[in-house]
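Where a number appears in this text, it was derived from the coordinates with a stated rule and is not lab data. In this text the structure is predicted, and so the values were computed from the model without any measurement. Reconstructed Cβ throughout: ideal geometry from the backbone, glycine too, with neighbour counts over all protein chains shown.
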Amino acid sequence: MPDDATAGSLADKKLRITRRILFLGRRWRNMMDEALRATGNNHARWVTLLWVDMMAGRANLGELAEQIAVELPTLVRLLNRLEREGLVERRALGNSNRAKTVVLTAKGKRALVPMSKVINRTRARFLEDIDEQRLAPALELLDDVLAKHARVVMWPGNSDGDT
C-alpha cells in the first residue's frame, strides 16, 4: 500500500482498482487463449484479425499496432505470417506509395468467424451472473480512464473497439 494510503482511503481504492484491472486483464486474456487454442488460434492472431477488419484499410500499420498494443516490429512479423496464409493483404494507404495499410482477404473474413464465436462464448461465460444495472456505472468509469490514457479508435459501423 502507498505510504499515504490508509484502508478505505482514496489512494487505497485507486491501488485496489488498478490491481483488479491488471488481474482481470490477465484472466480474460488467459481465458481467450485457452478457448482459442482449441481452434488452433490464439489471442494475438484473433485480435490482429479483428482490428484489421474493424479498421478496414483506413489506418496505417503504426495505428494498427497502437490499437493492438504491440510494437510495430511484432505486428509486422505477425502480419507476414497472416499474409503468407492468405488471411490479410497489404495495400498502399490512400494515394501514398510509402504508407501501408492492411485489409482482410475473403479467407481472412472466413477465418475470423469461428474465432469470434469462441470469443463471444468466452465473454458470456466470463461475465455470467453480472448484474446489468452495475454495468453502466462500471463502463462509465472505465471509459473515463480510457479517455485519459488511451486512444481507442471508433470507426463508423463499429460500436466500439472492445475485444
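Points to keep in mind about this one:
- Under 28 Å from residue 14, Cα to Cα: lysines that are on another chain or at least 8 residues apart: 148
- Gain upon complete extension [residue 28, residue 113; 0.36 nm per residue less C-alpha separation]: 28.6 nm
- Highest-fluctuation residue, 100, 109, 13 considered, GNM on the chain with Cα pairs under 10 Å: 13
- Applying 0.36 nm per residue to the separation of residue 9 and residue 139 and subtracting their alpha-carbon distance, the gain on full extension is 44.6 nm.
- The residues neighbouring residue 118, those whose beta-carbon lies less than 13 Å from its own, together hold a net charge of +4 under the Lys/Arg +1, Asp/Glu -1 convention.
- Highest-fluctuation residue, 29, 90, 77 considered, GNM on the chain with Cα pairs under 10 Å: 77
- From the alpha carbon centroid of the stretch 81-113 to that of the stretch 19-67 is 17 Å.
- Contact order normalised by residue count of the chain, Cα under 8 Å, 6+ apart, percent: 20
- Straight-distance candidates among the lysines for linking to residue 107, with alpha-carbon spacing under 24 Å and chain neighbours fewer than 8 residues away dropped: 117.
- The stretch 110-151: trypsin sites (Lys or Arg not before Pro) falling in loop per DSSP and having at most 12 other Cβ within 10 Å: 151
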